[in-house]
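The values are calculated or read from the model by the stated rules, or taken from the named source; none is laboratory data. Since this is a predicted model, take the numbers as computed values, not measurements. As a convention, Cβ positions derive from the backbone with ideal geometry for all residues, glycine included, and neighbour counts pool all protein chains shown.
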Amino acid sequence: MEDKFIGKRLDGRYEIHELLGVGGMAYVYRAYDKMEDRWVAIKILKEEFSNDSDFLRRFRNESKAIALLSHPNIVKIYDVSFGDQIQYIVMEYIDGINLKQYIEQQGAIRTQEALHFMTQILSALELAHKNDIIHRDIKPQNILLLRDGTIKVTDFGIARFLQSETQTMTDKTIGSVHYISPEQASGHRITDKADIYSTGVMLYEMITGELPFVADTAVSVVIMQIQNKPRPPREINPNIPVGLDQITLKALEKNPENRFRSAGEMLDDLLSFKQNPSIQFNYSYAPAPMDETRNIDEYDTVGDTHLYDDGYEESYDPELVRSKRRRKGSMAITGVVVALVLILIAVGAVYVINMMRDAENQEDDTIELPDFIGKIYDTEINGKYDDFVFKIENGNDPEKAAGEVINQSPKGGIMVKKGREITLTVNGGNVETVTVPPLTNYEQSEAIKVLETVGLKYKLETIADDNVAIGSVVRTDPVEGSSVASGTQVTLFVSTGPSTKQVTIPDNLIGDLQYNVTAKLEDLNLNVNIISDNNSDKAKDTVIGVNPGSGSKVSEGSTVDVTVSTGKGAPKVMNFSIDLPANVNEDLVVKTYRNGSLVNTETVNPAYGNTYNLSLTGTSGVEKVVIRLNDQDYMYIDFDFDTLDTPKITSKINYVTSSNGSGDGNSEDGGNGE
């Protein structure tokens, strides 16, 4: 179904270009702000909220408050609009992936990287909480990750005004049950400690690669959030330091009073751990209120001591206990009261569960779009994804397997409605390919003959041009020299002669980004021909040349050549954390060799930190790195500056301490590390 907003301009200012995602309350689009000359993200509220005056009033007040939050790790809100027909929020556009996608790509994240992310998230939450704004939907899908490792927290305050102060388990949070706090799940009053719990779930997932609670249904997960204790992270990965394990479990305490008192307090402990990875914390806990997070069967009575499942012991006066036992009549009354309370709890649980099931049904029409790139269409996709409608386009890449998906639109990782049409470009493998011939200045009929001779189809479009004669070809799409499958349709842009309207090429195009320059030129009804430059040292997508140049007068409809850096020649920084040998307490002289040349020497001791951080700057190609410890070969690593993929360990050799041998070592993969 065609999107009714794409191609529209809101308030004469925001041009809607593409749908980025669909949430419980809104659609999110990428748009171009013509007034401020920048790309933005626009969240447009769904129609069912537009007639709710109470909702809109609270939404307006909260949006204004959130817009005042100025923090480098919070997505900025630029504008809020409340018209009669449409309500929307204009936000900072972030070109990156979310933290959930990153975790799925990486699995368990290295300790230092997890700390880098968490300190930014907690810093953002600390500011929000000081301004009395509770996020209420902290999850990695709402954490955006830029290429330089910067974190941006988004969707601040949205859950707050969608929910009442007590009943928080609504159809808007059902999609977040893996990260929801026990008090949210059970309908109790929410404080900033709910965000701390959700942050604890994210930290748990980052350092273990697993969620603390997983089940077949959302209802089951919610019940586990309320009742079950998480498995300690160190049971999943024994290499996780004790201090980090303790911080994670404290954030995940069922009783809010047992969690960190604030995001700032949790941040302080993480920073203490970062400075001293061997630190351990002596956290104390109060018993959780039974009516909120426990039921009577969750603790055992042993003599005169009640042992709660979190290890907290509460001792009683023996004489008082004997006195209570003698008062059987009083206990009988108490038993009746307890029974009534349990009945009320059961009725409430049924209500909550039914509500959650209704919410699940309402959310059933929205699903996360998988990443199909790299999969074989016939064997891995066709017939296995009934929630999508696939449109197949032919592609050709000799380096890819026949039938492999080499592109998709929209990209994977966003939430879309079931039944959404997904365009997949499928590699033709051994399909015969031809090269699009040069046809500029060819008379139209001659150009058609050439295309038919080489086995290509054609389509005609007219275009004004100052330099090409009427009836002759100005350019083609795909451009000349492109390798395409036989039978591909090529568009011939045929000149109608100079336009009667002249436009001026704008200033300040060079140094700007490609999509900004393209938008500016297309606003003038000019066509843009992108030329890629692999040698430029400018960042990817930076415009380094425009022809005709700024200030030139050209006919409306003319083509402007825009030369863009691919970024391949620009310097790039790649970071990698190297695990040092375990159970080694001696100083290690770490030598780093890059393509055979010694580039760094440093002394470390694993007793004070079990990782060594390596940072390399390069432009392109694969750099071969060798790490030596006390003159023993320890690790061989490939840094690929073309793909910027995570550096690959090609070989790791056991380290032999100076007291145990000569240090020759044996390669774990059976080779010699070369």
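Could you list all residues from segment 430-471 that are hydrophobic (A, V, I, L, M, F, W, C) and touching a Leu at 6+ places or on another chain (Cβ under 6 Å)? Talk me through it step by step, then tell me what you get.
Looking only at segment 430-471, we keep the residues that are hydrophobic (A, V, I, L, M, F, W, C), and these are 431, 434, 436, 439, 447-448, 450-451, 454, 456, 460, 463-464, 468-470.
Residues satisfying the conditions are 447, 460.
Just so you know, in segment 1-24 the residues that are assigned to a loop (DSSP other than H, G, I, E, B) and touching a Lys or Arg at 6+ places or on another chain (Cβ under 6 Å) include one that is farthest from residue 513 (Cα to Cα), and it is 24.
Just checking, does segment 186-204 include any residue being surrounded by fewer than 20 Cβ atoms within 10 Å (Cβ to Cβ) and within 28 Å of residue 583 (Cα to Cα)? Looking for residues that are surrounded by fewer than 20 Cβ atoms within 10 Å (Cβ to Cβ) and within 28 Å of residue 583 (Cα to Cα), one finds none in segment 186-204, hence no. Residues in segment 432-460 that are without any contact (Cβ under 8 Å) to a residue 40 or more places away in the chain, farther than 14 Å from residue 484 by Cβ, surrounded by 13 or more Cβ atoms within 10 Å (Cβ to Cβ) and among the hydroxyl-bearing types (Ser, Thr, Tyr): 1 in all.
In segment 604-616, which residues are among the aliphatic types (A, V, I, L, M) and assigned to a strand (DSSP E or B)? Let's see the steps before the verdict.
Applying the first criterion (among the aliphatic types (A, V, I, L, M)) to segment 604-616 yields 604, 607, 614, 616.
Within segment 604-616, 604, 614, 616 qualify.
Check whether at least one residue in segment 200-220 is in a helix (DSSP H, G or I), of a type in the set (Gly, Ala, Ser) and within 18 Å of the chain's Cα centre (by Cα), and report yes or no. Yes, segment 200-220 contains a residue that is in a helix (DSSP H, G or I), of a type in the set (Gly, Ala, Ser) and within 18 Å of the chain's Cα centre (by Cα). Counted as qualifying within segment 66-154 are the strands (runs of 3 or more DSSP E) with 3 or more residues that are buried (at least 19 other Cβ atoms within 10 Å of the Cβ) and out of contact with any Lys or Arg (no Cβ under 8 Å at 6 or more places or on another chain), namely 151-153. Need the failing condition index for residue 74 against (1) modelled with pLDDT of 90 or more; (2) in contact with a helix residue (DSSP H, G or I) (Cβ under 6 Å, 6 or more places away or on another chain); (3) more than 16 Å from residue 151 (Cβ to Cβ); (4) of a type in the set (Val, Ile, Thr), just the number. Only one criterion is unmet by residue 74, namely (3). Residues that are crowded, with 20+ Cβ neighbours inside 10 Å, under 25 Å from residue 268 (Cα atoms) and either acidic (Asp, Glu) or not assigned by TED's automatic domain parsing to the domain that holds residue 256 (or both): does segment 208-218 have at least one? No. Elements of the type strands (runs of 3 or more DSSP E) sitting completely within segment 617-659 and holding at least 2 residues that are without any contact (Cβ under 8 Å) to a residue 24 or more places away in the chain: these cover 632-640, 648-652. Residue check: residue 163 meets all listed conditions (1) touching a helix residue (DSSP H, G or I) at 6+ places or on another chain (Cβ under 7 Å); (2) at pLDDT below 90 but one, namely (1). Taken over segment 237-271, the criterion of being free of Cβ contacts under 8 Å to residues at least 12 places away in the same chain and either over 15 Å from residue 197 (Cβ atoms) or crowded, with 20+ Cβ neighbours inside 10 Å (or both) is satisfied by 238, 268. Within this structure, residue 278 fails the test of being without any contact (Cβ under 8 Å) to a residue 60 or more places away in the chain and loosely packed, with under 15 Cβ neighbours inside 10 Å. All conditions but one from (1) within 20 Å of residue 42 (Cβ to Cβ); (2) modelled with pLDDT of 80 or more; (3) under 24 Å from the mean Cα position of the chain (by Cα) apply to residue 107; the one that does not is (1). Where strands (runs of 3 or more DSSP E) sit wholly within segment 371-431, those with at least 1 residues that are closer than 17 Å to residue 486 by Cα occupy 388-395, 420-427.
Confirm whether residue 510 is touching a Ser or Thr at 6+ places or on another chain (Cβ under 7 Å) and at pLDDT 90 or above. Here the answer is no, as residue 510 does not meet what is asked. Listed by position, the strands (runs of 3 or more DSSP E) contained in segment 448-561 that have at least 2 residues being within 39 Å of the chain's Cα centre (by Cα) are 473-477, 483-485, 489-495, 527-533, 543-547.
In segment 222-236, what residues are buried (at least 24 other Cβ atoms within 10 Å of the Cβ) and β-branched (Val, Ile, Thr)? Lay out the reasoning, then the answer.
Narrowing segment 222-236 to residues buried (at least 24 other Cβ atoms within 10 Å of the Cβ): 222, 225, 233.
The answer is 222, and nothing else.
When residue 553 is tested against the conditions (1) modelled with pLDDT of 85 or more; (2) of a type outside the set (A, V, I, L, M, F, W, C); (3) within 30 Å of residue 113 (Cα to Cα), the lone failure is (3).
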